[in-house]
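Asks: The following block contains the structure, expressed as structure tokens.
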Amino acid sequence: MKKTIDEHAARFSEAASSYDDEQDSTEYLACADLVVENAAPDADDVVLDLGTGTGAIALALAPDAKRVVGRDISEGMLAEARSKAEAAGIDNVEFGEGSFREPNYDGQVDIVTSNFAMHHLSDDEKREAIAIIADLDPDRFVLGDVMFFGEPDPDEPFYSPEVDDPATVGLLVDSLTDEGFVLTGVERVHEQVGVLVAERYGTASERVSIPTEDE
Ligand SMILES: C[S@@+](CC[C@H](N)C(=O)[O-])C[C@H]1O[C@@H](n2cnc3c(N)ncnc32)[C@H](O)[C@@H]1O
């Protein structure tokens with residue numbers, strides 16, 4: 001992580017009131033649409049949206065889901081999300097403080113989503129976050145983010161190198177499969193932006209753990 005959690009939270013809280021107006025890039029909009037489309041909750045599904053920000057994904061999914069839980073480290077972003085939910089009359093969504101490391105939620109989770117947030121973590125922290133998400137035992141995890149499909153062009157980064165730390169698609173796929181997810185979709189929006197759809201089958205006790213080389 002190139003900034004501490006508190007630094008990221010302060011940075012996003014400061015920009016919260018103008019955040020939505022600035023999210024107009026084709027890649028961000030396409031990525032968000034793909035996350036919503038691939039999450040596809042049923043009426044009895046509970047969705048956990050990590051790094052929910054002003055609720056772009058959470059609020060789009062709420063009409064189809066039983067309940068949506070949005071978690072973020074920035075109080076300013078969460079306040080925007082809550083006021084959008086209230087203005088839209090959406091009452092099956094709950095926004096609260098929580099991070100990838102400590103989602104602050106231990107209820108039913110059928111689908112986890114995260115859009116344009118995990119790239120703030122270092123690669124080790126992304127692996128840890130994916131393990132924590134796996135422990136929540138969702139059927140599906142839909143990750144939209146800045147990620148490298150090839151060698152990123154240093155002259156044209158889609159991200160801010162001083163605050164962002166995107167991973168390669170390979171690292172993300174390895175981390176997901178190491179935690180028992182099966183990759184069922186890869187959507188390449190741009191050389192540096194994509195959506196991964198990862199699913200887990202069966203109940204936790206039915207899943208067989210993959211032995212490591214030492215076992
Ligand atoms: C670029 S915004 C994306 C917000 C939203 N998901 C969207 O699609 O518009 C990134 C969000 O991730 C949050 N964030 C950064 N680090 C985080 C962490 N470790 N845990 C949870 N949220 C985090 C920030 O506060 C910010 O609201």
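A short reminder: the numbers here are calculations on the coordinates, not readings from a lab. Note that this is a predicted model, so its numbers are computed, not measured. With ideal geometry, Cβ positions are generated from the backbone for all residues, glycine too; neighbour counts draw on all protein chains shown.
Asks: What is the set of long-range amide H partners of A167 at a cut-off below 5 Å, with H atoms built 1.01 Å from backbone N?
Replies: F148
Asks: Could I ask something else about it? Name the long-range amide H neighbours of F116: under 5 Å, sequence gap of 5 or more, or other chain; modelled H, no Pro or chain starts.
Replies: G144, D145, V146
Asks: What does the charge add up to near C31, with Lys and Arg as +1, Asp and Glu as -1, over the other residues with Cβ less than 9 Å from its Cβ?
Replies: Neighbourhood net charge equals -4.
Asks: Checking the cross-link filter: which lysines have an alpha carbon closer than 25 Å to that of K3, excluding same-chain neighbours under 8 positions apart?
Replies: Output for K3: K126.
Asks: Right, something else. Rounded if a/c is under 1.5, else prolate if a/b is larger than b/c, else oblate: which is the range 1-135, with a ≥ b ≥ c the root eigenvalues of its Cα gyration tensor?
Replies: rounded
Asks: Pop out the ³J(HN,Hα) list for the range 137-145 in order, Karplus 6.51 cos²θ - 1.76 cosθ + 1.60 with θ = phi - 60°, rounded to Hz; leave Gly and Pro as x.
Replies: Result, ordered by residue: 6, x, 6, 9, 10, 10, 10, x, 5 Hz.
Asks: What's the center-to-center distance, using Cα atoms, between the range 30-90 and the range 120-178 in Å?
Replies: If you average the Cα positions of each part, the centres end up 20 Å apart.
Asks: Another question, if that's okay. If amide H atoms are built 1.01 Å from N in the plane of the peptide, which residues on other chains or at least 5 residues away come under 5 Å of the amide H of G185?
Replies: Distant-sequence amide H within range of G185: V197.
Asks: Further question: Please give the length that would be gained between E7 and D137 if that part of the chain were fully extended, namely 0.36 nm times their separation in residues minus their C-alpha to C-alpha distance (nm, one decimal).
Replies: Extra length available between E7 and D137 comes to 43.8 nm.
Asks: Using the basic label-point model (7 angstrom from Cα toward the beta carbon), what is the T177 to A88 distance in nanometres?
Replies: Using points 7 Å along Cα→Cβ, the separation is 3.6 nm.
Asks: Then there's this: For the chain, modelled as a GNM with alpha-carbon contacts under 10 angstrom, which of V186, V142, V47 fluctuates the most?
Replies: Judging by the Gaussian network model, the answer is V186.
Asks: Please compute the modelled spin-label separation between Y201 and A79, points set 7 Å along Cα→Cβ, answer in nm with one decimal.
Replies: The two pseudo-label positions are separated by 4.8 nm.
Asks: If you don't mind, another one. Restricting to DSSP H runs of at least four residues, report the calculated mean residue ellipticity at 222 nm for the chain, -39500 (n - 2.57) per run over all residues, nearest 500 deg cm²/dmol.
Replies: For the chain, the value works out to -11000 deg cm²/dmol.
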